[in-house]
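The values are calculated or read from the model by the stated rules, or taken from the named source; none is laboratory data. Note that the structure is a prediction, hence the values are computed from the model and not measured. Note that we place each Cβ from the backbone using ideal geometry, even for glycine, and neighbour counts take in every protein chain shown. We work out accessible area using only protein heavy atoms, side chains counted, and drop any ligands, DNA or RNA first. Shrake-Rupley method; radii C 1.70, N 1.55, O 1.52, S 1.80 Å.
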Amino acid sequence: MTFDLIVRGGTLPDGRIADIGIIGETIAAIEPELNVTAGTAIDAHGNLISPPFVDPHFHMDATLSLGIPRINASGTLLEGISLWGELKPLLTHEAVRDRALAYCDWAVSMGLLAIRSHVDVCDTRLLAVEALLDVKKAVAPYIDLQLVAFPQDGFYRSPTARDNTIRALDMGVDIVGGIPHFERTMADGTRSVTELCEIAAERGLMVDLHCDETDDPLSRHIEQLAYETQRLGMQGRVAGSHLTSMHSMDNYYVSKLLPLISEAGVSAIPNPLINIMLQGRHDTFPKRRGLTRVKEMLAHGIRVGWGQDCVLDPWYSLGTADMLDVAFMGLHVAQMSSPADMARCFDMVTNVNAAIMGLDHLGLAVGKRASLVVLDAGDPVEALRLRPERLCVIARGKVVAERSRQETRLSIAGRPATVNRRHRPSQNPIGPIDRSRHQV
């Protein structure tokens with residue numbers, strides 16, 4: 001067998017050391033040693049080989065817009081929504097497209113090769129929808145980009161949102177979104193969950209709702225979402241994002257709610273960086289964490305993945321497109337401190353997020369798409385600790401990003417000449433790429 005590309009000697013997340021042989025866009029072999037030549041060879045000895053990072057919750061129409069037209073002074077979710085309302089009339093197709101493409105460049109550099117982005121449909125121009133559909137087409141050779149029709153101002157609360165949601169889906173947006181807790185009344189929120197799920201069921205689409213992103217323990221739209229998922233036979237196709245009200249609910253109600261979510265096969269997407277920043281703003285002390293009950297959900301067999309949500313926009317003034325930052329914060333706030341829990345957090349931003357998005361073609365297995373990342377770390381837990389360099393990123397069998405190992409030179413008598421903070425430093429760092437049949 002002849003391979004187009006071989007990644008040699010890397011450490012897989014399960015601890016195995018293996019060569020990965022790639023033909024075209026597909027992983028053709030994973031063996032302890034492949035004694036064959038290839039057009040391109042990458043030496044990954046001593047480094048972690050990971051599936052691509054996956055973000056199941058993002059807002060690409062707003063990304064990199066920080067400061068336009070002003071900064072979120074209170075730091076609250078509601079001011080962020082208000083600020084986005086001020087920004088929307090200023091948007092142009094070109095500005096949305098260019099900022100989104102710039103973010104996708106960041107994403108590729110960090111090994112983030114699949115993103116689900118909500119796109120606001122409450123602007124009747126649907127300018128952002130058109131721009132992100134263009135972006136989706138442009139980045140298709142290297143990023144799986146899913147778009148969610150998101151009525152940011154409320155499916156019923158905004159007078160044109162319902163019609164615009166349907167128009168966006170007709171234009172090719174992939175997933176039905178919503179924000180039931182932002183409707184005028186709890187009853188309207190409940191009705192919106194029902195109608196949005198019915199629209200998705202009729203069209204054979206997935207559902208991903210901003211659900212109960214509030215400190216109010218009586219915001220319980222996730223219960224309706226689980227009910228509609230079962231009623232309409234949509235198990236495995238529905239996600240509830242944020243779910244922060246659960247951090248304030250009483251334990252008795254949660255003991256009823258979690259089995260319901262599990263039985264319905266509804267996935268959960270908490271967004272730790274943003275929600276611990278936005279939630280609990282009305283609290284004095286003790287302050288609520290702003291994160292849903294991740295460990296309890298996992299104990300009930302609910303599929304949970306970490307989401308980024310925002311980067312440099314009206315809601316969040318930081319971010320680098322690094323899903324390891326997201327998992328790192330998540331494991332702290334959720335107190336997932338055991339080695340097994342930390343390894344699980346790494347899996348959540350790779351394989352679990354891919355499963356939530358229905359991307360069965362991603363993963364480190366023969367027959368899967370040849371998209372993977374070589375990290376300057378020895379194992380998943382070390383990767384979380386260091387959030388290290390992505391030494392090489394491969395998308396669909398092609399190297400799309402490279403970075404040299406960054407070591408610090410020391411000038412201290414009797415100490416090593418360099419330091420890189422790895423606990424067990426590799427003696428075989430990633431070697432040069434054979435460019436005989438490849439150019440980055």
At a 1.4 Å probe radius, carbon and sulfur cover how many percent of the accessible area of the chain? 53 percent
Amide H to amide H under 5 Å from residue 40: which residues, 5+ apart in sequence or cross-chain, H placed 1.01 Å off N in plane? 5, 6
For the pair residue 35 and residue 160, the simple spin-label estimate (label points 7 Å beyond Cα toward Cβ) gives in nm 6.8 nm
Just to be sure I follow the definition: excluding the sites themselves, where is the longest run in the chain that has none of the trypsin sites (Lys or Arg not before Pro) in a DSSP loop with at most 13 other Cβ atoms within 10 Å? 288-420
With a point put 7 Å past each Cα toward its Cβ, work out how far residue 90 is from residue 184 in nm, to one decimal. 3.0 nm
When the distances between all Cα atoms of segment 159-241 are binned every 10 Å from zero, what whole-number percent does each bin get? 19, 53, 26, 2
Could you check the simple spin-label distance between residue 409 and residue 235, using points 7 Å along Cα→Cβ, in nm with one decimal? 6.2 nm
Length gained when the stretch residue 227-residue 341 is fully extended (0.36 nm per residue, less Cα-Cα span): 38.1 nm
Of 94, 228, 407, which has the largest mean-square fluctuation in a 10 Å C-alpha GNM of the chain? 407
For segment 343-356, Karplus couplings with θ = phi - 60° (6.51, -1.76, 1.60), whole Hz, Gly/Pro x: 4, 5, 4, 5, 5, 5, 8, 10, 5, 5, 4, 4, 5, 4
Using the reciprocal of the averaged 1/r over all distinct C-alpha pairs, how large is the Kirkwood radius of segment 121-173 in Å? 11.4 Å
Whole Å is fine, so just give me how far the alpha carbon centre of segment 239-254 lies from that of segment 1-48. 43 Å
Out of 214, 185, 229, any idea which swings most in a Gaussian network model of the chain, alpha carbons joined below 10 Å? 185
Once the dipole of the chain is set up with Lys and Arg at +1 and Asp and Glu at -1 on Cβ about the Cα centre, which of 132, 40, 227 lies farthest towards its positive end? 40
What ³J(HN,Hα) values, in whole Hz, does the Karplus curve 6.51 cos²θ - 1.76 cosθ + 1.60 give for segment 304-320 when θ = phi - 60°, with x put for Gly and Pro? 10, x, 8, x, 7, 6, 9, 9, 6, 9, x, 9, 8, 9, 10, x, 9
Mind jotting down the distance between the C-alpha centroids of segment 364-401 and segment 113-147, whole Å? 25 Å
Build a GNM of the chain with springs between Cα atoms under 10 Å: which of 251, 275, 72 gets the top mean-square fluctuation? 251
Residues of segment 15-50 with amide nitrogen under 11 Å from the 7 Å Cα-to-Cβ point of residue 2? 37-39
Zone of residue 423 (label point 7 Å along Cα→Cβ, backbone N under 19 Å): which residues in segment 377-400? 377-389
So the FRET efficiency between residue 106 and residue 167, C-beta based with R0 = 35 Å and rounded to 0.05, is 0.70
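Among rounded, prolate and oblate, which fits segment 332-380 when a ≥ b ≥ c are the square roots of the eigenvalues of its C-alpha gyration tensor, a/c under 1.5 means rounded, and a/b larger than b/c means prolate?
It comes out oblate by the Cα gyration axes.
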Give me the accessible area per residue for the chain, probe 1.4 Å, as a whole number in Å². 40 Å²
Of all DSSP beta bridges located in the chain, what percent are antiparallel, nearest 5? 40 percent
